[in-house]
Amino acid sequence: MGRREQSPGKCGYCGREMTKGGLARHLTACPQRAEAIGAAGKKPGKEQALYHLQVQDAWQGDFWLHMEMNGSATLADLDYYLRAIWLECCGHMSQFSVGGWSGAEIPKKTKAAQVFELGVELTHIYDFGTSSETLIRVIATRTGKPLASHPITLMARNNPPEAQCVECGQPASWLCLECLSELDEPGTLCDEHSESHPHEEYGEPVPLVNSPRVGMCGYTGPADPPY
Ligand SMILES: [Zn+2]
Ligand SMILES: [Zn+2]
Ligand SMILES: [Zn+2]
Ligand SMILES: [Zn+2]
């Protein structure tokens, strides 16, 4: 879709911009994050196991998230989060498994602490028709107090991929699914050319949001974190 291969993203604590792999290392060492961890440690509440998850779309690796998940949170919490930030279009079914598509399903009531340990990788599938497949890998663990009151803390995500309008080269914010699906063209359009675009067999152009599900099923975003 005329997108760059490696979308960088910003550290949610200090704002430094780097690649997904760079952030995997950086987040462990980030002084501002260490400060936040120190501050959280002084608050009341119980310590628990916390998991640093690197989440990425299985096919478009430039869509990724770094998050920290509480050990007491369930896979249902993670499913809810992934739907909100990336996936939800029509309330399709989803599942977690180990060992890919055909691997053993893990029930959503399972707590993070029961399934996660360093190096574990889960596959999340949303929609068994037009499937979105997400890989979730545990890249670090620690014991401490969570940094926020929610079960999951977003630490970084890829910057919105840049795309150019096929008509004029200006930044694109719309996608024509007919161009993409029928004509094998990028179909990326600016505001102006989206208005005058002639195709309507697949409906109006859809918004180009920061999600690997753009262009699939009835997905229209908004691709915002739920909290
Ligand atoms: Zn940082
Ligand atoms: Zn759908
Ligand atoms: Zn244009
Ligand atoms: Zn078109």
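Numbers at a glance
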| quantity | calculated |
| --- | --- |
| Rounded, prolate or oblate (a/c below 1.5 giving rounded, otherwise prolate when a/b exceeds b/c) for the stretch 8-94 by Cα gyration tensor | oblate |
| Accessible surface of the chain, 1.4 Å probe, proportion on carbon and sulfur as whole % | 50 percent |
| Surface/4 estimate of mean projected area, convex hull on alpha-carbon atoms of the stretch 3-54, nm² | 4.4 nm² |
| Whole-number percent relative contact order across the stretch 4-130, with pairs defined as alpha carbons under 8 Å at least 6 apart | 19 percent |
| More than 17 angstrom apart: percent of Cα pairs within the stretch 60-128 | 44 percent |
| The chain - Rg and Dmax from Cα coordinates, angstrom | 18.8, 60 |
| Per residue solvent-accessible surface (Å²) - the chain, probe of 1.4 Å | 49 Å² |
| Relative contact order %, the stretch 100-171, counting alpha carbon pairs below 8 Å whose residues are six or more apart | 20 percent |
| Percentage of interatomic Cα-Cα distances in the stretch 142-222 larger than 20 Å | 41 percent |
| Long pairs among Lys43/Lys108; Lys20/Lys42; Lys10/Lys145, criterion Cα-Cα beyond 27 Å | Lys43/Lys108; Lys20/Lys42 |
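The values are calculated or read from the model by the stated rules, or taken from the named source; none is laboratory data. What you see is a predicted model, and the numbers here were worked out from it, not measured in a lab. The accessibility values were calculated without ligands, DNA or RNA, using every heavy atom of the protein model including side chains. Shrake-Rupley method; radii C 1.70, N 1.55, O 1.52, S 1.80 Å.
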